[in-house]
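Asker: Let me give you the structure first, and then I'll get to my questions.
The values are calculated or read from the model by the stated rules, or taken from the named source; none is laboratory data. Predicted model, so just to flag it, every value in this text is computed and none were measured. So basically every Cβ, Gly included, is an ideal-geometry build from the backbone, and we count neighbours across all protein chains shown. When the accessible area is computed, the model is the full protein with side chains, heavy atoms only, and any ligands, DNA or RNA have been set aside. Shrake-Rupley method; radii C 1.70, N 1.55, O 1.52, S 1.80 Å.
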Amino acid sequence: MPEPRRPASHGDPVADLPFAYGGPVLDGCIREAPEDFQVEEILGFPPDGRGDYLFLRVEKRCLNTMDVVRQLARWAGVSASAVGFSGLKDRRSLAVQHFTIRWPAQDDPPDTEGLAVEGLRVLALSRHRAALVRGSLQGNEFTLRLTRLQGDTERAQQRLIAIRESGFPNYFGTQRFGNDGSNLA
């Protein structure tokens, strides 16, 4: 028997892909609040503690990556192109992300108190020998909170066990394909 399919959606290039473990058994909401979608960047290496780059680990809420780049550039008195980062993070989230700014080792960094921006908090500041570049992260760790759940929670628990044991297909979905599939074009 074929797997149930997603309801057809105009412009959704993944609407006809099958479900890995059958159709949905729960319904609910995601991202009612930024804290419902948390992402932490995993670099796979620590800052080395010396060098001509400031290395910042920041927490951002309701800001996208480029918002943070502009704020860091303003704070450091550099152009936005001088701020390095590994990847883009969603605006509607609570995210931990890393940035670098070229800053000669002999110069003290500006006080992070001067970076008073709503939704932005510096968690750590250190030194590193190189700038972060796009794609230099190892991965991302996500925590998703679903609210207003309705449905068969026992079957959902069984599905989670199956996913943990066997994995699931990595359909990128509309986030990667864009509105109405425009990124595919």
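Asker: If the Cβ limit is 9 Å and pairs must be 6+ apart or interchain, which residue in the range 109-132 that is under 21 Å from N64 (Cβ atoms) pairs with which residue that is among the aromatic types (F, W, Y) and open to solvent by 40 Å² or more (accessible area, probe 1.4 Å)?
Answerer: The qualifying pairs are A131/Y53; L132/Y53.
Asker: For the range 27-37, indicate whether the set of residues that are open to solvent by less than 50 Å² (accessible area, probe 1.4 Å), of a type in the set (D, E) and more than 30 Å from Q158 (Cα to Cα) is non-empty.
Answerer: The answer is no; no qualifying residue exists.
Asker: May I ask you to say which residue of R127, R102 is of a type in the set (D, E, K, R), closer than 22 Å to R50 by Cα, touching a Lys or Arg at 6+ places or on another chain (Cβ under 6 Å) and at pLDDT 90 or above?
Answerer: R127
Asker: G44 - would you say it is surrounded by 14 or more Cβ atoms within 10 Å (Cβ to Cβ) and closer than 18 Å to V133 by Cβ?
Answerer: no
Yes/no per residue for (1) in contact with a Phe, Trp or Tyr (Cβ under 9 Å, 6 or more places away or on another chain); (2) of a type in the set (K, R); (3) modelled with pLDDT under 95:
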{"site": "R50", "(1), (2), (3)": "no, yes, yes"}
{"site": "L56", "(1), (2), (3)": "yes, no, no"}
{"site": "R61", "(1), (2), (3)": "no, yes, no"}
{"site": "T65", "(1), (2), (3)": "yes, no, no"}
{"site": "A76", "(1), (2), (3)": "yes, no, yes"}
{"site": "D90", "(1), (2), (3)": "yes, no, yes"}
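Asker: Which strands (runs of 3 or more DSSP E) sit wholly inside the range 72-179 and have at least 3 residues that are open to solvent by less than 100 Å² (accessible area, probe 1.4 Å) and farther than 30 Å from D16 by Cα?
Answerer: Where strands (runs of 3 or more DSSP E) fall fully within the range 72-179 and carry at least 3 residues being open to solvent by less than 100 Å² (accessible area, probe 1.4 Å) and farther than 30 Å from D16 by Cα, they are 83-85, 94-102, 120-128.
Asker: While we're looking at this one, here's another question. How about the range 14-26: which of its residues are touching a residue at least 60 places away in the same chain (Cβ under 8 Å), part of a loop (DSSP other than H, G, I, E, B), open to solvent by 30 Å² or more (accessible area, probe 1.4 Å) and within 25 Å of E154 (Cβ to Cβ)?
Answerer: Hits for the range 14-26 are A20, Y21, P24.
Asker: If you don't mind, there's one more thing I want to ask. Taking the range 47-71 only, how many residues are open to solvent by 10 Å² or more (accessible area, probe 1.4 Å), of a type outside the set (A, V, I, L, M) and outside any strand (DSSP E or B)?
Answerer: Qualifying residue count, the range 47-71: 11.
Asker: I would also like to ask the following. Among the residues of the range 149-166, are any within 21 Å of the chain's Cα centre (by Cα) and modelled with pLDDT under 95?
Answerer: No.
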